[in-house]
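**Q** One structure, pasted below without further comment.
Every number here is computed from the coordinates shown, using simple stated rules; none is lab data. Note that the structure is a prediction, hence the values are computed from the model and not measured. Using ideal geometry, Cβ is built from the backbone for each residue, glycine included, and neighbour counts are taken over all protein chains shown.
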Amino acid sequence: MASGLRIRLSVMMFLQYAIWGAWSPFLWRILTAPKADGGLAMTDVQAGWIFGLLWLACILAPFTGGQIADRWVPTQRFLGVAQLAGAVLLFMASRSTTFTAMNWIMAAYCLLYAPTLALTNSLAFHHLGDQKDFGRIRVWGTIGWIFAELILGGWRLIGTPARTVDCLMLAAFFSLVMGAYAFFLPHTPPAKDKATDPLAFRKAFVLLKNTNFLVFMLIAFVVTTELQFYYGPTEEFLVRGLRINPAYTPWIMPVAQAAEIIAMAFLLPVALRKWGLRRTLAVGVIAWPLRYVVFALAPLGAVDVTRLVVVASLTLHGLGYTFFFVASQIFVDMVASKDIRASAQSLLTLVTLGLGNWLGTQFTGAVKNYFRPQDNPANWTYFFLVPCALTILCALAFLVFFKDPEEKKISKTEQARVQV
């Protein structure tokens, strides 16, 4: 792949995930913190609902962004318009102080951002000569996520604007840059073949007739329901459970993404070649319960060495994300034909980021509301043991029921795909 194209796709991924990384790890604590501490004093159930809005939007992604990009509008133009409009909405959300206002503005924003998660993947795959290059492109998304966290940390140290949700304000800036940049991405036109099904998402759903693909989607769905126990409450766990200054959490949480960079750039290609998809995915799932065990058994508020062990365990999230989610995107591209590439990635988005994560946020909010670790720090143990048990079962299910697809060298010239 030409170096110029690699750079353009890498910058795309950098900006796409800088937007998400700017707000996702930090918004839950701001929503639920008392107003005296600079928060919005919402309940955990309300915070879970607001976090779930993105996942609800991901459910619609195959019918909106995937369909539009596969059939009607060049992908890069859709990305540009969606991100520019999203920047305006994020700025409005950053000035919101009530649940009602935040809820409606974030709902509109998520409808625009959700399709772009799958479309950046499909655009990259469209221009790759070899699927194995995807990890080296996607790793820049993780670097963007880390960059956003570090920028937010520096911003907090010097002081963020009063009466403003700082993480949403930063996300608005990155969304504005991404929206402008998208119009300069490689041209990625919709399919024009008259023989193709005009409803691309309908053909993507046919993939579920493949037993192996169906097993993969079902287990992936359960896995993602449990990831919200990490995404939402981890910063609160570090602040309230381990008593770490919230000004420093944007500098601590990128440990997970640093591990993700190493795993994506160096470990994933080797794992896929040596182990195949089945065992690579299983290792990815196993990494998460190991991290939850550390969280659950940590003697909360104890000596500094305990904090170091917990922070070090964040690396397991990076390993798990790479070996599961990035490998999943490669698998879906293998089984999808060229004319439904965007919709197939959107189907993965629907099942995992959509249904799985939405139910996961509601489940997380309910479990947290039941154990109330904010009132009794010892209850963090029971809270984190719930996702630990379920992710162990998912890892075992992958090993028993999922089979490696037939391995083929997939090149741009051949456009070969594993047929369903």
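**Q** Nearest 10 degrees is fine. How inclined is helix 99-127 to the longest principal axis of the chain, computing both from alpha carbons?
**A** 40 degrees
**Q** Of 145, 74, 323, which is farthest towards the positive pole of the chain's charge dipole, taken about the Cα centre with +1 and -1 on the beta-carbons of Lys, Arg and Asp, Glu respectively?
**A** Comparing the listed Cα positions along the dipole, 74 ranks first.
**Q** What does the helix-only formula give at 222 nm for the chain: each DSSP H stretch with n ≥ 4 adding -39500 (n - 2.57), the total divided by the residues, and the result rounded to the nearest 500 deg cm²/dmol?
**A** -22000 deg cm²/dmol
**Q** Percent relative contact order of the chain, based on C-alpha pairs within less than 8 angstrom and at least six residues apart?
**A** The value is 28 percent.
**Q** For the stretch 350-392, just say rounded, prolate or oblate: build the C-alpha gyration tensor, square-root its eigenvalues into a ≥ b ≥ c, call rounded for a/c under 1.5, and beyond that prolate if a/b exceeds b/c, oblate if not. List each step's numbers first, then the result.
**A** Numbers: a/c = 4.08, a/b = 1.80, b/c = 2.26.
Oblate, since a/c reaches 1.5 and b/c is not below a/b.
**Q** Between beta-carbons, use under 13 Å as the cut-off and find the net charge around residue 51, counting Lys and Arg +1, Asp and Glu -1.
**A** -1
**Q** Rounded if a/c is under 1.5, else prolate if a/b is larger than b/c, else oblate: which is the stretch 84-158, with a ≥ b ≥ c the root eigenvalues of its Cα gyration tensor?
**A** It comes out oblate by the Cα gyration axes.
**Q** Over the stretch 74-170, what is the relative contact order in percent, taking alpha-carbon pairs closer than 8 angstrom and at least six residues apart?
**A** The value is 39 percent.
**Q** A follow-up question, please. Using the Cα centre of the chain as the reference point, and only Cβ charges (+1 on K/R, -1 on D/E), how large is the resulting charge dipole? Debye, rounded to the nearest 20.
**A** Dipole of the chain, to the nearest 20 debye: 620 debye.
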